[in-house]
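*Asks:* The structure under discussion is supplied below as structure tokens; questions concerning it will follow.
The numbers here are math on the coordinates, done by the rules we state, and not lab data. Since this is a predicted model, take the numbers as computed values, not measurements. Using ideal geometry, Cβ is built from the backbone for each residue, glycine included, and neighbour counts are taken over all protein chains shown.
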Amino acid sequence: MNVVKIAIIGAGFSGLGAAIKLRQQGIDDFVILDRGDTFGGTWRDNTYPGAACDVPSHLYSYSFAPNPTWSRSFSQQPEIHRYINKVADQHGVGSKTRWNTEVTGIVWDEADGRWIITTSAGEYRAATVIAGVGPLCEPKLPDIKGIGDFAGEIFHSAQWNSDYALEGKRVAVIGTGASAIQIIPELAKKVGRLDVYQRTAPWVLPRADRPYSSTENWAFKNIPGFQKAARAGIYASHELVSFGLTHAPNVLAPAKVIGRQNIARGISDPKLRAKVTPNWKVGCKRILLSNTYYPALGQANVDLITDPIREVTSTGIITADGVARDVDAIVVATGFHVTDSPTFEHIIGKDGRSMAQVWEATGMNAYKGTTVHGFPNLFLMVGPSTGLGHTSMVYMIESQLNYLVDYLTLQRKYDIARVEVRSDVQHDYNVGIQKNLESSVWETGGCASWYKDAFGNITTLWPGFTFNYRRITRKFDLAAYDTSSAAAIGARNSTQTVTSQPATETVTS
Ligand code: N01
């Protein structure tokens, strides 16, 4: 058994960021556990052709590790993966990581005041766990009749089989979300026939992607403040969108015009144009960016199929109209388990219930997207109500890291051994979140999306400006927590509360 002060689960943007912050705090007694073998998380796993980021590179990177040599305005997966690993090298945290270590259980031991972490490579005990597992890490396979019987090649977009040559093959893609619209133009170039199964047409806007010139990269590197200014400009322009998404969906009407123009520019056939035109408000689902998706759909070797899928057979797909289309391979681009992630079943809190069981009753919720009542000394990264549809998640991650670092400072100051958010504080916080979402496009936009949970609540997204999240995570608000000192834990039965005052923080967007 390995005993550490802090265990970080996951080596993506969150886990790596946490490790770097711990190092900067002078904390070395920690370990990072990851099932893969390099840093990167989702940017390591999603290797599908065309994988790229929808957020400009200068914003989709750590503020403390700017990269003046991004090759394009929107980076592709290999470059982001390289960036993350370079940052890890620069901060020397590779040696803290246990690769190929799948975490199978995280159980709170109240008597010991520590988490017991079971992994494929043995057991760990840690006083504090930072869960940087990411919301988009558990591929969701569609529940379609017969899908298990398909005899050809079938894989999820996040589990790309690069050993399988798709050249010249008959291929079906199920889904037209963020991943699919990046995959489809790449496949259209090389497969014999491509059947695209669309359940709901997405809004796809032009992508202002271009290579950076050597002069620009020189300027990012050598002109003081130039890269920071570029980052700030990108940040500000994206925040404007958040006002429309959260408070005034009609403000986004120009985006609809731009989306229609993108369709008209990319597709000449009126029937196909009609099929790809969404009937819900822009922003209700994630706004997608592509200059190549619509032209790909218009290619002679590509068919867009909008009849619902009835079943999958051993040789292909049959739609509700009875048409059978045989294929050699099926690419399943149907998203991820987000509000129902299997990860939640593996985290067992103080009363023996899993996070999945707790959230079955209440819906997925946390305090500031980070701490959950009943799960002491656990910090979720990119937890409930911290997701974004309009800007960089790295900004949210860094806000959470501020919160964590401030906690660690207070922990030392007050010798805190156990910290648990108060249930009333967590409840009130989430009432505020849901209230802020009432007028949002995600609620009123007339679409179904993974942003909503089984109760119909939007438990994934941060409502409003991200600088408000930065503001509420700047300081760790001890008053929102019940805390116990190390001495009290030692005494086991006599819990000594350091502080438990009414919390006053509210969410404003
Ligand atoms: O998944 P999705 P994704 N039968 O859930 C369809 C991030 N991301 O992997 O719309 C038929 O968006 C489903 O149809 P419908 C980003 O946050 C970021 O593409 O539900 N179809 C939809 O078309 C994104 O939001 C980047 O009707 C079925 C598709 O599958 C998140 O990842 C790049 C079906 C799923 O779309 C997930 O994106 C890529 C069924 N049974 C991804 N079930 C960046 O650039 C589902 N579908 C940062």
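*Asks:* Could you pull out every Cys in the chain that lacks a partner Cys with its beta carbon under 4.7 Å away?
*Replies:* Cys53, Cys137, each lacking another Cys Cβ under 4.7 Å.
*Asks:* Moving on to the next point. Ranked by Cβ crowding within 10 angstrom, fewest neighbours first, how are Ile174, Ile20 ordered? Can you show the working numbers first?
*Replies:* Numbers: Ile174 26, Ile20 20.
Least to most surrounded, the residues fall as Ile20, Ile174.
*Asks:* Looking at the chain, identify the longest residue range that excludes and avoids all GluC sites (Glu not before Pro) in DSSP loops having at most 15 other Cβ atoms within 10 Å. Please list the in-between numbers first.
*Replies:* Values: sites that count: Glu102, Glu110, Glu167, Glu438.
In the chain, the maximal stretch lacking such sites is 168-437.
*Asks:* Here is a further query. Structure shown: which of Lys21/Lys86; Lys281/Lys452; Lys21/Lys350; Lys368/Lys452 lie over 20 Å apart, alpha-carbon to alpha-carbon?
*Replies:* Numbers: Lys21/Lys86 16 Å; Lys281/Lys452 16 Å; Lys21/Lys350 27 Å; Lys368/Lys452 18 Å.
Flagged as over cut-off: Lys21/Lys350.
*Asks:* Next question. What does the helix-only formula give at 222 nm for the chain: each DSSP H stretch with n ≥ 4 adding -39500 (n - 2.57), the total divided by the residues, and the result rounded to the nearest 500 deg cm²/dmol?
*Replies:* On the way: 15 runs with 160 residues, N = 509.
Value at 222 nm, helices only, nearest 500: -9500 deg cm²/dmol.
*Asks:* Also: For the chain, what is the percent of antiparallel DSSP beta bridges, rounded to the nearest 5? Working shown, then result.
*Replies:* Working: 29 of 67 bridges.
DSSP beta bridges in the chain are roughly 45 percent antiparallel.
*Asks:* Which whole number in µm²/s is D for the stretch 370-437 by Stokes-Einstein, with the Kirkwood Rh taken over Cα pairs at 25 °C and 0.890 mPa s?
*Replies:* Numbers: Rh = 13.4 Å.
Roughly 183 µm²/s, to the nearest whole number.
*Asks:* Still on this model: For each of Asp303, Asp109, Asp45, Asp453, count neighbouring Cβ atoms within 10 Å of the residue's Cβ, then give the residues from fewest to most. Write out the running numbers ahead of the final one.
*Replies:* Values: Asp303 15, Asp109 12, Asp45 21, Asp453 18.
Fewest-to-most ranking of Asp303, Asp109, Asp45, Asp453: Asp109, Asp303, Asp453, Asp45.
*Asks:* Another question, then. Which order results if Asp269, Asp482 are arranged by neighbouring Cβ count within 10 Å, fewest first? Numbers along the way, then the final one.
*Replies:* On the way: Asp269 11, Asp482 19.
In order of increasing Cβ crowding within 10 Å: Asp269, Asp482.
*Asks:* When you take every Cα atom in the chain, what is the radius of gyration, and what is Dmax, the widest Cα pair distance, in Å?
*Replies:* According to the Cα coordinates of the chain, Rg and Dmax are 23.5, 75 Å.
*Asks:* Calculate the spin-label point distance for Phe226 paired with Asn250, positioning each point 7 Å from the Cα along the beta-carbon direction, and give it in nanometres.
*Replies:* For the pair Asn250/Phe226, the computed spacing is 4.4 nm.
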